[in-house]
Structures are given as structure tokens and as C-alpha cells.
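Below you'll find the structure, written out as C-alpha cells, and then a few comments.
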Amino acid sequence: MFKGFSFKDYDYKLVLMVVALAVIGVFAIGSAEESLQTRQLYGVIAGVFLMLVISFFNYSLLLKMYWLMYALNIALLVLVEVMGDSGGGAQRWLQIGGLRFQPSETAKILLILFFAQFIMKYREKLNTVRIIGVCILLVAVPWYLVFDQPDMSTSIVLIVLFCVIMFAGGVSLKLVFAVLIVTIPAIALMISLALQPDNEFTENKLIQGFQQERLLAYFYPDKYPEKIYQQENSTKAIASGMLEGKGYKNNGITSVKNGNFVAADETDFIFTVIGEEFGFKGSLTVILLLFGISLDCISVARKSKDTAGCIIAAGMGGLIAFQSFINIGVATWILPNTGLPLPFVSYGLTSLLSLFMGIGFVLNVRLQAKKNK
């Protein structure tokens, strides 16, 4: 298990940053919903254990099962369609025995691992129409299954993650710019159409009614006061924390959190709790830790021994950075309201354990990195 590895090459700072962020999450969740704190703590302990174990397994050997990973990913997402549990207007959870989890969270990690091996195998042919087409088809299947739950926020994450994977894999920059020239106007057109009432987007179920309302509320907040109250109260709570914050588990009557003015403050709006109770210093600490973890993953990608390692590390860095930006952007009303957990901080054991496992692979990539590169 430890053969060929040197502990001096272990990325201790990445482990410390991840654990520190997870500990902050445990405290924040304890304030948001005390009954969930113990479960989150057990999840962190289990996640750290998985991360350390995975970090000493040669990822090159594990990636040989890449088609099995893809098949497992599709099977779990199909099971959600067939027998998944519903909640909050979406069917996203799977109950197997006493275990209830969200396959769309594991899908992110499994796709990174699958494409790491697939792209490395066809690295010399990556910029051909055939291989790019196959890659798009392979990501389209799990993407549609997630989008159909419906889970637009995670489906957007999968698209961004796929772009990071392809870029790290070595896709031509000419092709990247060509795609951007097409996709940016297309996205602008889609948003414009989505903002029009009674259009083909809602009639053909390409966008759900509640998703359209969230977009409309973001652009026209005065017309949809009932749809913006969470983000409005979230920004008030964060601002009220000022520099030092109101204190952990404060009982002040001015607390937005204590007044239950923000729903899902243990998951989607956990950053609100941190901003109110720990102030600007606490918020900045969380942002810097997330930025440091993402940057460290990119650094590992640059030093990786092969394309697969580069994709794993860059994919995890991109995933954490983008998902953090979306979550904090929603909490601070920079972006329209959507449900994505803050990595390592929000409550949710599936997301937490999946991310810890992903970091475990990054640590192993670092152990096998090329010297003096």
C-alpha cells in the first residue's frame, strides 16, 4: 500500500485546509440546526478516514475500473428515476436499506475518475471530431438524468466540470474559443427566453416554473418579493455580522437566523450563518480556505505524472471553486437563488463524503508527482 510513496511528498497543507474547513462546517451546522451537528461530525470523521485510505492507493490501478465506475454512476441515477425519494419538489434521493444518499453528488466524482482514464487512453486522438463527440455523448447521459430530477444547479456544475476536464485533458484552445463563441450567445438567448412568460421553455418543460420564477425574481425583485426574501434576509444577516460577528449561537433578538427568516440555513445558506455569527473575519477565513484548496489542487495538477492525474486534480479544484462561487454568490445575492451545498461546510453526508474521497485521489496524485517540475 505504501510502496513507492514517500511521506515527505504528502500534501499536509491540503489535508489541514480541508479538515479546518470541515470543522468550521460542524460548528456552523451546530448553530443552524443543533440536531444535525453530531451526524455531520461523524461524517467528517468518516470522510477523513476515507480520504487518508484512498490517498495511499495507486490511482492508476483504481482507474482501470473506469467503465465500471461509469456503469455504476448511470445505474444509480437511473434508480433515482425509477424508485427515488422525493423532497422539495424534486426526486433526487435513493434509499437502499437504511442508507439514504444523493447519487447526483457521487456522479461528480465518478465522472472525474471516468474521464481521467478515458481521455488518457485516447489522449492522442482527443482533438478529433470522433473522440470529442464520444465524450459529449458519455457526459450527456448522466447530465440528462440529473437535469430530469429536476436538478438544474447540479446539471450546470456537471457542464462546467466537463469543460474543466476537457481543458485539463489537452483539448485544443482553438476548439475552446470556437465553442465559447457559440455557447455564450446561446446561453444569453436561453436566459432571455426564460425570462419571457408562457414561452416554449416552460411549455416544453425545458425549464421548470419555479426555476423561471427564480430567474425573474433575480432580475425583477420588486415584482417577486415572495421569491427573494431568503436572499434579502441572507444579505441582511451577513451584513449585520460586521467585522467580528454576533458570536457563536448568539441569542440576540436581532439575529436573522434565530428568527427563522432564512430557510435551509444548514445547507444552501450555511454561509449566512457564518457571516452573521463570525462576521467578515469568519467569512473571509472560509473563502480563503476554499480558494487555497482549489489552488492547491491546480498546483497538484501541474505536477502530476500523467494526464489522468492532471484531470483528477484539476477536476476537483474546478469543482470546489465553481460550487463555492455559486453557493456564496446565492447567499450574497450576486446570483439567482439555486440549491448547491458549500463544499465541506454545508450539511449533507453524500456531498461531504464524496468530496473527501475526491481529495483522497488528489493526495495520491501528489504522492506520485514528477520531481522538480
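Side notes on the structure shown:
- D148 versus L52: modelled label distance in nm, points set 7 Å from Cα along the beta carbon direction: 4.2 nm
- Computed over the stretch 230-301, the P(r) curve from all C-alpha pair distances, binned at 5 Å from the origin, holds 4, 18, 25, 21, 12, 8, 6, 4, 1, 0 percent per bin.
- Length released on extending from D85 to A71, taking residue separation times 0.36 nm less the Cα-Cα span: 2.9 nm
- Mean projected area (nm²) of the alpha-carbon convex hull when the stretch 74-200 is viewed from all directions: 9.5 nm²
- nm² value of the averaged projected area, convex hull over the Cα atoms of the stretch 252-350: 7.2 nm²
- Gain upon complete extension [K64, L99; 0.36 nm per residue less C-alpha separation]: 9.8 nm
- Within the chain, helices built from complete DSSP H runs that reach 18 Å or longer along their own axis (Cα positions) and carry a mean Kyte-Doolittle hydropathy of 0.0 or higher are 12-32, 37-55, 66-83, 103-121, 129-147, 152-169, 173-194, 270-303, 307-331, 349-367.
- Helix-only mean residue ellipticity at 222 nm for the chain, each DSSP H run of n ≥ 4 adding -39500 (n - 2.57), per residue, nearest 500: -22500 deg cm²/dmol
- You can think of it this way: the chain between F219 and T183 has 10.8 nm of extra reach, that is 0.36 nm per residue less the Cα-Cα gap.
- Accessible area of R100 in the full protein assembly, 1.4 Å probe (Å², nearest 10): 120 Å²
- Length-normalised contact order of the chain in % [C-alpha pairs under 8 Å, at least 6 apart]: 27 percent
- Where N is the number of residues in the stretch 141-186, Cα Rg divided by 2.2 N^0.38 Å: 1.29
- Per-selection metrics, the chain (Cα): Rg and Dmax in Å: 20.9, 63
- Over 24 Å apart at the Cα level, from the set K174/K370; K64/K370; K13/K246; K64/K303; K227/K281, are K174/K370; K13/K246; K227/K281.
- The Cα atoms of the stretch 21-70 define a convex hull whose projected area, averaged across directions, is 4.7 nm².
- Treating each Cα of the stretch 1-86 as one equal point scatterer and applying the Debye formula with no solvent, the log10 of I(q)/I(0) at q = 0.11, 0.12, 0.15, 0.21 Å⁻¹ comes out as -0.54, -0.63, -0.89, -1.03.
The values are calculated or read from the model by the stated rules, or taken from the named source; none is laboratory data. As the structure is a computational prediction, the values presented were derived from the model and not from experiment. Here Cβ is always computed from backbone atoms with ideal geometry, including for glycine, and neighbour counts include all displayed protein chains. All accessible areas refer to the heavy atoms of the entire protein, side chains included, with ligands and DNA or RNA removed. Shrake-Rupley method; radii C 1.70, N 1.55, O 1.52, S 1.80 Å.
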